[in-house]
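Asks: Have a look at the structure that comes next, please.
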Amino acid sequence: MRKKNAGALFMDFQISPDDRVGATPKKGSRSPRSAPAKVARGARVEPGFDDSAVYVDDERTSRTPKGKQPRGRAPKAKRGRGRRERKPLTFFGVIWKLISWLFILGVWAGVAAAGVIIYYAVQLPSSETWKVPDRAANIRIVAANNQLISNRGKSGGEAVSLRELPYYVPAAFVAIEDRRFYDHFGVDVVGLASVALESIQAGEVTRGASTITQQVAKNLFLTPDQTLGRKVQEALLAIWLEQNYSKDDILELYLNRMYFGHERYGIEAAAQFYFGKSARNLSLSEAAILAGSLQAPSRLNPQGKPDLIKARQTLVLNAMAKEGYISGNESKAAAIDPNQTIRTKVVGGESYVADWVESLMTAYLGDVKEDVIVHTTINWDLQKEAEFVIKEAVAKYGAEKGFSQGAMVAMDVDGSVRALVGGVDYQKSQFNRAVTARRQPGSTFKPFVYLAGMEKGYTPDTVANDGPIDINGWQPQNSDGKYGGEMTLRTALALSRNTVSALLANDVGPDKVVEAAMRMGISSPLQAVPSIALGTQEVSLLELTAAYAPFANGGIGVIANVITRIETADGKVLYDAVAAGPGRVIEPNIVAEMNDMLHAAVEIGTGKRAQLNGWPMAGKTGTSQKARDALFVGYTSRMVAGVWLGNDDDVGTKLSGGNVPVDIWSQFMTKAHEGIPVADLPGATSEPGLDQAQLQPMEQPAAERPQRTLVDLLGDIFGGN
């Protein structure tokens, strides 16, 4: 034995053969490591020399671990590995889980929405370039007394400010379109939620939720496409508008830009078109109708179905009362009586004037880029009279005489147009038969033939033979199929003998007739052919009437004019008319001869039905082939007026220039000359007029007779036959 050292611990151990390296254990023996002792869970492990482990249960492991039973107590049944005990769900637990999931979904929805907004936002131009586009320029056309004729331009009306309107006009739009307009930031979140809930309950989209600001944004910047991208951009632009403009500015933009149907944009254009008054003078009832129409302007405008309009108006008035803009009694009083017809403006013939004026604007100003006021020569009272007499004649004689349209032009002898009617009903047909239409003037063209004859040396007393003629195979005949034999040129023109006119034109030359007509004011292209003597070349009523003005004013050529001044809305003058024209186009003595003959035409000729309360007058009737056109152009020393009647489809009528057209002319001119002192025609003699005897063919002394007469010409042509 070894001696034990003090304080040292000695252990005795023995090595068996099986423990040696490379030894083979005996059969049936078991190594300690092959059957380890079972150990309590949580015991400390100590190493041993025989590769075994000693398990020690000391005080450091005596504390009960979490979830373990203390020593000495019966252990609980073991649960499966990895399983956790489920706690029963409570009501508040369900609520908490629901809130958690909703929160998570909300976060993801917010992220998705932000992504969509960013995606469509980057497609917009930089906000630094955003600005409200200029409103389309309005052309306000007024008569000589400043009476509004019409508004023209793309908008159809001028812009008005909120302070110019009655308080209930903007209130009507706010009440029905966006009742929280003054509270939201451009997008009405409350309104969106309300519409969403309604739509879910109904199973379809029940109504829109766009605010007034969003509608302005859409109209100013975007297309009308109903897409997600457009709605997102609309909302972004609405917020931008709210940040840069006041509520009143936005509402003013809204009222002046919205579409009200019939190509009318803005409250002023709508008020003028539908009610014939300014938006400044709208009644509560009318304001409610216009506000209600914005939901569907093409269907709910004041000219739509009355029952739909009345229902929508009632809805607007009730909304106004609910929001406190008006009282319940005011709402009831303004509502349309179910038995009452909705009164709207009937567009009159003055719109033909407005169309003509608008067509001239480019020539006067180029592109109109700002609101302008156009002052015209139109006499409002005479304009209304002209419209009345044309409509009355068509209504009274149209069915009997087979015509459906009429036109009229009246102007001072200097070419200033005082009245112009382009048709019977502008609402049914906007075609301007006074300015745009080209028609055969018939015998109203003959004065230019006789003018060329007078300028060649013939006189009203030159004798001609009214008989059969043949001009290179052309054989014109008189409308009555008869011949009158020898007669003066005065009589021939008064009785509108075609043969004499053809003979005279052939003598002076068709080219001289064309030159005379163009010098007088005919601007349509004319061909120098023999038939020009009978008015077969097409011209407009406007130019034909203006071409008679030199006869009335003493020989001075005129250009038909209607615009006197153009100025901006703030009074800056852009154009001021000055006297202009070709100057003298007929010598005074020729004027006197022409007035002599044309006066005879209304005294004893085809225009003898003309009556003018003692005023000296002159003129010429005209009827085209198959009576497709019936005309009369007459004048005094104060005014020239032309009348046309017929059909748009060129169907023949039972008219002649000497019946209904002369009656219309007489009625209008009588009105136009009321209270004006009587004045003679230029070149008139002291004689009160010519009688039948004076107009008969008379023999003249050889010394007084022209050296070469039309009788001589007939002899040359027909060899004395």
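Asks: What's the total number of residues in the stretch 543-565 that are surrounded by 23 or more Cβ atoms within 10 Å (Cβ to Cβ), of a type in the set (A, V, I, L, M, F, W, C) and farther than 23 Å from N432 by Cα?
Replies: 2
Asks: Between V368, V374, which is closer than 26 Å to G156 by Cα and buried (at least 22 other Cβ atoms within 10 Å of the Cβ)?
Replies: The conditions single out V374.
Asks: Does the stretch 652-670 hold any residues that are surrounded by fewer than 17 Cβ atoms within 10 Å (Cβ to Cβ) and either closer than 28 Å to G555 by Cβ or in contact with a strand residue (DSSP E or B) (Cβ under 6 Å, 6 or more places away or on another chain) (or both), and which are they?
Replies: Within the stretch 652-670, T670 is the sole residue that qualifies.
Asks: A further question follows. Just checking, how many residues over the stretch 304-335 are outside any helix (DSSP H, G or I), open to solvent by less than 70 Å² (accessible area, probe 1.4 Å) and of a type outside the set (G, A, S)?
Replies: Adding up the residues that qualify gives 1.
Asks: Would you mention how many residues in the stretch 639-651 are open to solvent by 20 Å² or more (accessible area, probe 1.4 Å) and touching a Phe, Trp or Tyr at 6+ places or on another chain (Cβ under 8 Å)?
Replies: Residues in the stretch 639-651 being open to solvent by 20 Å² or more (accessible area, probe 1.4 Å) and touching a Phe, Trp or Tyr at 6+ places or on another chain (Cβ under 8 Å): 1 in total.
Asks: Which residues, counting only those in the stretch 382-411, are among the acidic types (D, E), open to solvent by 50 Å² or more (accessible area, probe 1.4 Å) and without any contact (Cβ under 8 Å) to a residue 40 or more places away in the chain?
Replies: Here is the first cut: in the stretch 382-411, the residues among the acidic types (D, E) are 385, 387, 392, 400.
Restricting the remaining residues to those that are open to solvent by 50 Å² or more (accessible area, probe 1.4 Å) gives 392, 400.
Passing the criteria: only E392.
Asks: I've got another one for you. Residues in the stretch 508-525: is at least one touching a residue at least 40 places away in the same chain (Cβ under 8 Å), within 30 Å of A144 (Cα to Cα), outside any loop (DSSP other than H, G, I, E, B) and open to solvent by less than 10 Å² (accessible area, probe 1.4 Å)?
Replies: Yes; the residues of the stretch 508-525 include at least one that is touching a residue at least 40 places away in the same chain (Cβ under 8 Å), within 30 Å of A144 (Cα to Cα), outside any loop (DSSP other than H, G, I, E, B) and open to solvent by less than 10 Å² (accessible area, probe 1.4 Å).
Asks: R490 - would you say it is among the basic types (K, R), surrounded by 24 or more Cβ atoms within 10 Å (Cβ to Cβ), touching a residue at least 24 places away in the same chain (Cβ under 8 Å) and on the phi < 0 side of the Ramachandran plot?
Replies: Numbers: among the basic types (K, R): yes; surrounded by 24 or more Cβ atoms within 10 Å (Cβ to Cβ): yes; touching a residue at least 24 places away in the same chain (Cβ under 8 Å): yes; on the phi < 0 side of the Ramachandran plot: yes.
For R490, the condition - among the basic types (K, R), surrounded by 24 or more Cβ atoms within 10 Å (Cβ to Cβ), touching a residue at least 24 places away in the same chain (Cβ under 8 Å) and on the phi < 0 side of the Ramachandran plot - is met.
Asks: Give me the residue from the stretch 277-303 that is part of a loop (DSSP other than H, G, I, E, B) and open to solvent by 30 Å² or more (accessible area, probe 1.4 Å) and, out of that set, nearest to K332 (Cα to Cα).
Replies: S283
Asks: Looking at (1) in a helix (DSSP H, G or I); (2) touching an Asp or Glu at 6+ places or on another chain (Cβ under 9 Å); (3) hydrophobic (A, V, I, L, M, F, W, C), find the lone condition where A363 falls short.
Replies: (2)
Asks: Here's a follow-up. Just one of the numbered conditions (1) assigned to a helix (DSSP H, G or I); (2) modelled with pLDDT of 85 or more; (3) open to solvent by 80 Å² or more (accessible area, probe 1.4 Å) is not true of Y119; which one?
Replies: Of (1) assigned to a helix (DSSP H, G or I); (2) modelled with pLDDT of 85 or more; (3) open to solvent by 80 Å² or more (accessible area, probe 1.4 Å), only one is false for Y119: (2).
Asks: Separate question: Based on this model, can you work out whether K247 counts as over 17 Å from the mean Cα position of the chain (by Cα) and in contact (Cβ under 8 Å) with a residue 12 or more places away in the chain?
Replies: yes
Asks: Taking S293 as meeting all but one of (1) in contact with a Pro (Cβ under 8 Å, 6 or more places away or on another chain); (2) without any contact (Cβ under 8 Å) to a residue 24 or more places away in the chain, write down the number of the exception.
Replies: Unmet condition: (2).
Asks: If you don't mind, another one. Condition check: of a type outside the set (V, I, T), assigned to a strand (DSSP E or B) and farther than 24 Å from A679 by Cα. Does L655 satisfy that?
Replies: When the stated conditions are applied, L655 does not pass them.
The values are calculated or read from the model by the stated rules, or taken from the named source; none is laboratory data. If you're wondering where the values come from, they're calculated on a predicted model, not measured in any experiment. No Cβ is skipped: glycine too gets one built from the backbone with ideal geometry, and neighbour counts run over all protein chains shown. Accessible surface areas use protein heavy atoms only, side chains included; no ligands, DNA or RNA. Shrake-Rupley method; radii C 1.70, N 1.55, O 1.52, S 1.80 Å.
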